[in-house]
Amino acid sequence: MAADDRDRILAQYDVSRETSRLLDIYVEQLTRWQAVKNLVGPGTLSEVWTRHVADALQLLDAMPNATRWLDLGSGAGIPGLILAIAGRDREMFHVKLLESNSRKCAFLTETARLTGAPATIINARIETVIDQHHDTDVVCARALASLDQLLAWTEPLLKTGITGLFPKGRDASAELTEAVGKWSLTYDSIPSRTDPQAQILRITALSRRDS
């Protein structure tokens, strides 16, 4: 079943043979490190291609011309490291992976080395370094925090016109309702291709509402 999932996802996203090989390395590394580092939810590892790889690959389609990505709270490299592997053949493509956990950074560093992914791993807390990354087209984060918290972290970037790309699950509408009380934002919602109850929020403008 896992092999069927792999082949279906790679075909769906038109992944090249070489990129497929590198994604296999990523999955092998994730499986090996999971045993000691608990990088993803234990119940999701058997669904790695449909639950994690595909979830990351669809972000490339949401911003096909973006080359400079910043992934917040990268953890197991989802979506950032997968994006770096999948986008490696694109001119000037690069992903910065921001992660505060040094053990997860060790996994990211080693896997980026093995795959040759165009990625830079940054071991730091978001709020201490976010304002240093204005050389970015897109800032993304998956399963990290509420939309309100993501907007608070990324305000220095989004208010300058950098795009925010935030996958959200069934609570997206409630999170939007909470956020618009504090923020004025321009966004659109992209249906997730991996979960009918999920969506990707693409934010193209942000400012704080007057208190």
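Laid out as a table, the results:
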{"quantity": "Qualifying residue in region 136-154 (condition: charged (D, E, K, R), at pLDDT 95 or above and part of a loop (DSSP other than H, G, I, E, B))", "calculated": "yes"}
{"quantity": "Residue in region 171-183 that is in a strand (DSSP E or B), touching a Leu at 6+ places or on another chain (Cβ under 8 Å) and touching a residue at least 12 places away in the same chain (Cβ under 8 Å) present", "calculated": "yes"}
{"quantity": "Those residues of region 155-170 which are under 26 Å from Arg193 (Cα atoms) and part of a helix (DSSP H, G or I), in sequence order", "calculated": "Leu158"}
{"quantity": "Considering residues of region 21-33 that are buried (at least 17 other Cβ atoms within 10 Å of the Cβ) and not hydrophobic (A, V, I, L, M, F, W, C) only, the residue nearest to Ile78 (Cα to Cα)", "calculated": "Tyr26"}
{"quantity": "Search result, residues across region 36-57 that are surrounded by fewer than 20 Cβ atoms within 10 Å (Cβ to Cβ) and assigned to a helix (DSSP H, G or I)", "calculated": "Val36, Lys37, Pro42, Gly43, Thr44, Leu45, Ser46, Glu47, Thr50, Arg51"}
{"quantity": "Complete set of residues in region 101-143 that are of a type in the set (A, V, I, L, M, F, W, C), out of contact with any helix residue (DSSP H, G or I) (no Cβ under 7 Å at 6 or more places or on another chain) and surrounded by fewer than 17 Cβ atoms within 10 Å (Cβ to Cβ)", "calculated": "Ala106, Ala124, Val129, Ala143"}
{"quantity": "Residue satisfying all of: in region 184-211; charged (D, E, K, R) and touching a residue at least 24 places away in the same chain (Cβ under 8 Å); farthest from Thr67 (Cα to Cα) among these", "calculated": "Arg209"}
{"quantity": "Counted residues, region 1-55 - those being small (Gly, Ala, Ser), farther than 23 Å from Pro196 by Cα and modelled with pLDDT of 90 or more", "calculated": "2"}
{"quantity": "Test result for Leu70, surrounded by 22 or more Cβ atoms within 10 Å (Cβ to Cβ), touching a His at 6+ places or on another chain (Cβ under 9 Å), touching a residue at least 24 places away in the same chain (Cβ under 8 Å) and closer than 20 Å to Trp153 by Cβ", "calculated": "yes"}
{"quantity": "Enumeration of residues in region 155-207 that are of a type outside the set (S, T, N, Q) and surrounded by fewer than 13 Cβ atoms within 10 Å (Cβ to Cβ)", "calculated": "Gly161, Gly169, Arg170, Ala174, Gly181, Asp188, Pro191, Pro196"}
{"quantity": "Any hit, region 9-23, residues being among the hydrophobic types (A, V, I, L, M, F, W, C), in contact (Cβ under 8 Å) with a residue 60 or more places away in the chain, part of a helix (DSSP H, G or I) and under 21 Å from Thr111 (Cα atoms)", "calculated": "yes"}
{"quantity": "Odd one out for Thr50 among (1) free of Cβ contacts under 8 Å to residues at least 12 places away in the same chain; (2) farther than 22 Å from Lys96 by Cα", "calculated": "(1)"}
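The values are calculated or read from the model by the stated rules, or taken from the named source; none is laboratory data. Just so you know, these numbers come straight off a predicted model, no measurement behind them. As a convention, Cβ positions derive from the backbone with ideal geometry for all residues, glycine included, and neighbour counts pool all protein chains shown.
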